[in-house]
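Trainee: I'd like to ask you about the structure that follows.
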Amino acid sequence: MNEYIKSMRKYIGHERLLIIGASVFIYKDGKLLLQKRKDNGYWADHGGCCELGETLEGTAKRELLEETGLTANGLELLGVFSGKELNYTYPNGDMVSNVNVAYLCEDFSGELLHETDETAGLQWFPIDELPENISPTVAPALKRCMEVLHERNSLDSAKPFDIQPVDPYREFVDRQIVESWAGPYVISKGILHDTRTQGGFTALEDDAVIGYILYNIVDSDCEITVLESIHEGRGVGRALINAVQQIAEKKNCCRLWLVTTNDNTHAIRFYQRLGFSLHAVHINSLKNAREIKPRIPPTGNDNIPILHEFEFELLLTVDRSK
């Protein structure tokens with residue numbers, strides 16, 4: 001128990017305390033490393049509460065090192081988890097309401113510890129053979145972790161596809177964009193783009209288009225204006241972005257960027273997994289966008305009101321010798 005929690009307990013006793021923490025799932029060769037906790041006998045990931053002034057990534061790395069002896073060389077955000085599912089009462093009667101930031105780590109180093117003050121043991125489990133007595137507060141983050149890992153494993157065994165320039169398939173792509181975006185025009189940060197004039201790539205499987213991407217280069221910036229995977233979960237989006245990134249680097253662009261709307265939570269997670277950083281949030285930008293394109297619907301995925309634009313960027317290495 002850290003000093004902050006100890007001091008708070010002096011004032012509130014066993015009453016419920018809001019706890020902010022971070023945890024890590026370690027993955028290697030199809031297996032997850034879990035710890036068996038001494039306090040309740042449950043299997044869990046590796047983590048704990050944030051110290052005052054500490055970053056959440058710092059918490060995750062510190063707790064992982066303390067509990068396993070492993071050093072996280074890289075962390076991938078899985079999500080932020082909260083709510084009644086994460087309420088917990090410790091054996092001593094202390095009640096907490098947890099907010100947990102969970103990470104996945106596949107790049108780590110160090111030697112495993114056999115036992116610590118908090119753990120009764122560490123064990124590698126195949127992801128399809130996890131133990132039944134998983135800590136209830138871990139379950140939401142573990143579910144998300146399994147979704148990410150199963151998606152990646154399916155990509156490894158998926159049928160290969162080809163990436164080709166968009167022009168030979170322009171008629172098909174134009175029809176798809178009209179259906180998906182209510183016309184050939186898309187808007188980003190108040191700028192209207194005619195997708196029919198932009199360069200891009202298609203993903204092909206047996207000569208059938210299963211995804212496409214369009215881009216626009218202005219000065220040293222390369223913007224992805226349209227990205228669609230007709231067959232999701234195949235790595236199509238990742239491959240198409242890689243193709244545009246190669247073009248952007250050849251053109252000596254400084255960054256690759258795009259916007260997505262606040263309802264598109266799947267895309268927000270996807271871009272971060274690819275290494276894009278959140279550059280800006282354009283609050284209520286869809287109000288102006290609807291003045292330009294009134295056919296933009298009021299709600300989107302999961303019936304979420306479409307209000308804001310999230311701008312993501314990937315900084316590129318510029319070759320100044322060109």
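We did not get these values from a lab; they are worked out from the coordinates using the rules stated. As the structure is a computational prediction, the values presented were derived from the model and not from experiment. As a convention, Cβ positions derive from the backbone with ideal geometry for all residues, glycine included, and neighbour counts pool all protein chains shown.
Trainee: Give, in whole angstrom and from largest to smallest, the semi-axes √(5λ) of the equivalent ellipsoid of segment 162-315, with λ running over the eigenvalues of the Cα gyration tensor.
Mentor: Values for segment 162-315, descending: 23, 18, 16 Å.
Trainee: Sticking with this structure for a sec: Over the residues of the chain, compute the C-alpha Rg and express it relative to 2.2 N^0.38 Å.
Mentor: 1.17
Trainee: So which trypsin sites (Lys or Arg not before Pro) in segment 137-238 are both in a DSSP loop and have at most 16 other Cβ atoms within 10 Å of their Cβ?
Mentor: Filter output for segment 137-238: Lys189.
Trainee: In nanometres, what is the gap between the two model label sites at Lys31 and Ser220, each 7 Å from Cα along Cα-to-Cβ?
Mentor: A separation of 4.8 nm, rounded to one decimal place.
Trainee: Kirkwood Rh and Cα-based Rg: tell me the resulting Rg over Rh for segment 127-222, rounded to two decimals.
Mentor: 1.17
Trainee: Another question, then. Give the peptides 108-121, 204-217 in descending order of average Cβ contacts within 10 Å, highest first.
Mentor: Going by the mean number of other Cβ atoms within 10 Å, highest first, we get 204-217, 108-121.
Trainee: Give me the percent relative contact order of the chain, please, defined on Cα pairs under 8 angstrom at least 6 residues apart.
Mentor: 13
Trainee: Mind listing the long-range amide H neighbours of Gly183? Cut-off is under 5 Å, sequence gap 5 or more, other chains count too, H placed in the peptide plane at 1.01 Å from N.
Mentor: Those lying under 5 Å, H to H, from Gly183 are Val178.
Trainee: Report the dimensions of segment 193-234 along its three principal axes from the alpha-carbon atoms, largest first, rounded to Å.
Mentor: 36, 20, 14
Trainee: Nearest 10 degrees is fine. How inclined is helix 139-156 to the longest principal axis of the chain, computing both from alpha carbons?
Mentor: With both axes taken from Cα atoms, the answer is about 40 degrees.
Trainee: Residue by residue through segment 23-39, which ³J(HN,Hα) values in whole Hz follow from phi under the Karplus form 6.51 cos²θ - 1.76 cosθ + 1.60 (θ = phi - 60°), with glycine and proline marked x?
Mentor: Each residue's phi maps through the Karplus curve to give 9, 9, 9, 9, 10, 7, 6, x, 10, 9, 8, 10, 10, 9, 7, 6, 6 Hz.
Trainee: Tabulate in residue order the Karplus-calculated ³J(HN,Hα) for segment 207-223, using 6.51 cos²θ - 1.76 cosθ + 1.60 with θ = phi - 60°, rounded to whole Hz; enter x for Gly and Pro.
Mentor: Taking θ as phi minus 60°, the curve returns 6, 9, 6, 10, x, 7, 9, 10, 9, 9, 9, 10, 6, 9, 10, 10, 9 Hz for segment 207-223.
Trainee: Hull surface divided by four, with the convex hull built on the Cα atoms of segment 1-141: how many nm²?
Mentor: The orientation-averaged projected area of the Cα hull of segment 1-141 comes to 8.2 nm².
Trainee: Here's a follow-up. Please give the FRET efficiency for Asn73 paired with Thr299, using the beta carbon to beta carbon distance and R0 = 45 Å, rounded to the nearest 0.05.
Mentor: Efficiency, rounded to the nearest 0.05: 0.65.
Trainee: Hey, another quick one. Please report how far the C-alpha centroid of segment 23-100 lies from that of segment 211-233, rounded to the nearest whole angstrom.
Mentor: 36
Trainee: Short version: ³J(HN,Hα) in whole Hz for each residue of segment 163-180, in order, from phi by Karplus 6.51 cos²θ - 1.76 cosθ + 1.60 (θ = phi - 60°), x for Gly and Pro, what are they?
Mentor: Each residue's phi maps through the Karplus curve to give 9, 10, x, 6, 3, x, 10, 4, 4, 5, 4, 4, 5, 5, 5, 4, 6, 7 Hz.
Trainee: Sketch the reach of a paramagnetic label on Gln272 as a point 7 Å from Cα along Cα-to-Cβ, and name the residues of segment 95-121 whose backbone nitrogen lies under 19 Å away.
Mentor: Zone members listed by number: 98-107.
Trainee: Right, here's the next one. Beyond 16 Å, what share of the Cα-Cα pairs of segment 182-258 remains, rounded to the nearest whole percent?
Mentor: Roughly 50 percent, rounded to a whole number.
Trainee: To the nearest Å, what is the center-to-center distance of segment 119-198 and segment 258-311, using C-alpha atoms only?
Mentor: Taking the Cα centre of segment 258-311 as reference, the centre of segment 119-198 is 16 Å away.
Trainee: If you fit an axis through the alpha-carbon atoms of helix 236-250 and take the longest principal axis of the Cα set of the chain, what angle between them do you get, 0 to 90°, nearest 10?
Mentor: Compared with the principal axis, the helix lies near 70 degrees.
Trainee: Something else now. Straight-line reach from Lys293: which aspartates and glutamates have a Cα under 16 Å away, not including same-chain ones fewer than 8 places off?
Mentor: Glu179, Asp194, Glu309
Trainee: Going through the cross-link list Lys28/Lys84; Lys10/Lys143; Lys6/Lys61; Lys38/Lys61, which pairs have a Cα-Cα distance over 24 Å in this structure?
Mentor: Lys28/Lys84; Lys10/Lys143
Trainee: To continue, here is another question. Quote to one decimal, in nm, the extra length available between Asp207 and Asp167 on full extension: 0.36 nm per residue of separation minus the C-alpha distance between them.
Mentor: 13.0 nm
Trainee: Can you tally the net charge around Thr89? Count Lys and Arg as +1, Asp and Glu as -1, for every other residue whose Cβ sits under 12 Å from the Cβ of Thr89.
Mentor: For residues surrounding Thr89, the net value is -2.
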